[in-house]
Amino acid sequence: MKTIFQNKWQAKDHEKKTPKRDYSRQIAFLNRYSLLFHALLACMLVFVIEVCSRRSLIDACVFLGGHAFAFFFNALIIFFTLSIVYLFRRRTLMRIIVSCVWLLLGIINGCVLSQRVTPFGYTDLKCISDLLTMTNTQYFSKTQEICVVILLGILVVFLVILAMKGPKFQGHPHKIRAAGFCVCMGVLMSAATSMAHNSEKMASYFSNIAQGYSDYGFVYGFSSSVMDRGMRKPLDYSESRIKQIKQTVAQAKEEASSYKVAQSGQIVSDSSDKQQPNVICVLLESFMDPTEINFLEMSKDPIPNFRALTDNFTSGYLTVPVVGAGTANSEFEVLTGMNLRFFGTGEYPYKTVLKETDCESIASDLSALGYGTHVVHNNGGNFYSRANAFSQFGFDTFTSKELMNIQEYTPLGSWPTDEILIGETEKALDSTPDQPDFVYTITVQGHGAYPEEKVIQNPQIQVSGAETEAKNNQWEYYVNQIHEVDKFIKNLTDMLAKRDEHTILVLFGDHLPTMGLADEDLKSGDIFKTQYATWNNFGLEKKDADLAAYQLLAYTTEQAGLHEGTIFTYHQAGEYATDQKAYQNGLENLQYDLLYGERYSYDGQDLYPASDLQMGVDKTHIYHYENLADGSLAIFGDHFTNWSRIYVNDEKMSTTFVSDEQLILSADHAAELESGDILKVCQVGSSNTIFRTTENTLMYYGVRTEEDAQNENAGSDPDGDEKDNTNDSDDRAAAKKAKKQKTKDAAAKTRKVKAKDSEKDLK
């Protein structure tokens, strides 16, 4: 036994005495040749990133062979970012962090491109909060979300361990020398970029972002989206240049205001004319004419109603700034008349400049003519920061899905159907009976992603011609959803036709669907072209024209006799301009002046401040509550939706939606209620944003009988005259108490009368 223990102790002593492996030579070698190592690492990272982005080893090899200069320029960018490791002792840790950041971005881009055509850019980072609200769609599942969180957690743990236990640089740090090296690398990077741009080896701007990333690599594309944001100041921007443009606009407006349409049935273009038409603009999500796709065959025309509009009213191709995704950018061009080409690569103005800056738009321009201005959209109010953007545009109201009682969804359950938008659009028109209206309606039914398996077993339209069965299933699903959107278009025009109001309707596709279409697949020959169509009920002449998205509403409103605004009037004045270069230069100067410059157009003033945007046009009330047999609490009111939440003393409670007139507070929460608690209902969006609150509140009085509840609420004010009881003055509180007592006395008197009548009947 003693021998055994002695052997164990000797073994342990031997282990203790065993020297640790010496890596000093390897570390010294890496330190001596670290720049070479960084160069090789950068090339390796670029190749792996391209494999991830293109989702193909072969395509990555093709990129390396066919775009060698771009490949090594991408490597130079990563090499530049690796130079920061010399500022730290734990250089291995920093190398891994820098490498992981680039790899993660490449993986994200690959995932993004598997669902859309537009690659991942810097501004997309600002949309992460929006993406996390979309777990009910086909973009990603809860399982995928959990896997990503777990993998990121493992990576963080690994980096923490490496930070604590990893090797350190043992030599003298030479921080000044390292900082100088980083500065020199920055200067070299800047000079190399300028030379690449001047020699046209690398493009400074991508008119087609997807093609730009493909030709020049993800690293360069993403870096461009980081460095090239906002608008660059035009070389000729000055007060005198803006005054020159203003004179052109003023002259055009003066000419337009004196112009009267001679044909009978058409309106006079005088802003005081009582026949100013309603203008309805509808964004059709991912909408296109499927018969424009060369390889598809369909059992029947999927869009007969849209086609009838193109045959009888003004229509044409519409050039949009995005493909496969990026609705907000097409929307921005249409509503502002501004050209996205003047912004940096991958810019989303909704997420950047409009966060802080108000912006003249079709809404603010028509408001100046006495219009009510509204937005209707069956998706979240916070998505793309729309609630903020529409306020900056000067809209009066915004009815998002949180304010709608949505009951019908697409076959996948991913998106609401568009039929609900007809009633909501009509509500917006009815909300301002003494004004003409501009209503901007945004659909969502045609949105991707589209399933590769067959979902619709008996589709109304059979589709064939795609290269694989999975692709064919995707196209069949898409075409049938677009067919449903076409029915929505017919029902919308029918509703508008029944109204005794002059109305012009504009419908446009925001971008092509995310299906990997190429120019050669389309009759138009351009994946950046969708279509638009119009409708009107007062005899406007059919004047077809192919337009850019930023020209659409200027062209349409001019036909309707509406001439107002800085940029829209500029477009109207430049409609027949033959000098496109001068036209675009003037537009660029105006855009810069209004968003980033001195606002010489407004004489330095803020003529179009942000509006106090009202969410929804329906006022919501609560009438009474009832204690249910299972211990829960029922709240009764009007205009409730799936996004209605009961609040107790300003604290959100878990709420069950029953109908547009009833919500349920769980028994657990109801049991915690105390007499005097204040009840209200709020419409809640993502990030717990409260979009709207009921016009009145209720005070909880404890468990009540049904008769007591009726008596208690008999004197409630559904129009919201009774506000939160906790904020009333003593006199007002006393008046309320007296009113309630009077109501109770009246109810008691009524019960006595009924009792006497019952006795008489018995007798």
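The values are calculated or read from the model by the stated rules, or taken from the named source; none is laboratory data. The shown structure was predicted, so the numbers you read here are calculated from the model rather than taken from an experiment. With ideal geometry, Cβ positions are generated from the backbone for all residues, glycine too; neighbour counts draw on all protein chains shown.
Looking at the range 496-518, is at least one residue within 30 Å of Pro436 (Cβ to Cβ), assigned to a helix (DSSP H, G or I), assigned by TED's automatic domain parsing to the domain that holds Phe306 and within 29 Å of the chain's Cα centre (by Cα)?
Yes, that holds for at least one residue.
Condition check ((1) free of Cβ contacts under 8 Å to residues at least 40 places away in the same chain; (2) touching a Phe, Trp or Tyr at 6+ places or on another chain (Cβ under 7 Å); (3) within 29 Å of Gly346 (Cα to Cα)) across all residues:
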residue	(1), (2), (3)
Ala39	no, yes, yes
Leu45	no, yes, yes
Ser53	no, yes, yes
Ala70	no, yes, yes
Thr81	yes, no, yes
Arg89	no, yes, no
Leu93	no, no, no
Ile97	no, no, yes
Ile108	yes, yes, yes
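Does Asp593 count as charged (D, E, K, R) and assigned to a loop (DSSP other than H, G, I, E, B)?
no
What about Thr493, is it surrounded by 24 or more Cβ atoms within 10 Å (Cβ to Cβ) and either β-branched (Val, Ile, Thr) or not assigned by TED's automatic domain parsing to the domain that holds Asp289 (or both)?
no
I need a count of the residues in the range 459-482 that are out of contact with any helix residue (DSSP H, G or I) (no Cβ under 9 Å at 6 or more places or on another chain) and not polar (S, T, N, Q).
6
Here are some conditions: (1) in contact (Cβ under 8 Å) with a residue 12 or more places away in the chain; (2) farther than 30 Å from Ser601 by Cα; (3) surrounded by fewer than 20 Cβ atoms within 10 Å (Cβ to Cβ). Tyr205 meets all but one. Which one does it not meet?
All conditions pass for Tyr205, except number (2).
Condition first: assigned by TED's automatic domain parsing to the domain that holds Glu360, modelled with pLDDT of 95 or more, crowded, with 20+ Cβ neighbours inside 10 Å and part of a strand (DSSP E or B). Can you find one or more residues in the range 536-543 that meet it?
Yes: one or more hits.
Among the numbered conditions (1) within 23 Å of Val444 (Cα to Cα); (2) out of contact with any strand residue (DSSP E or B) (no Cβ under 9 Å at 6 or more places or on another chain), tell me where Tyr532 comes up short.
(2)
Go through the residues of the range 548-560 one by one and say whether even a single one is modelled with pLDDT under 95, among the polar types (S, T, N, Q), over 28 Å from the mean Cα position of the chain (by Cα) and assigned by TED's automatic domain parsing to the domain that holds Gln460.
yes
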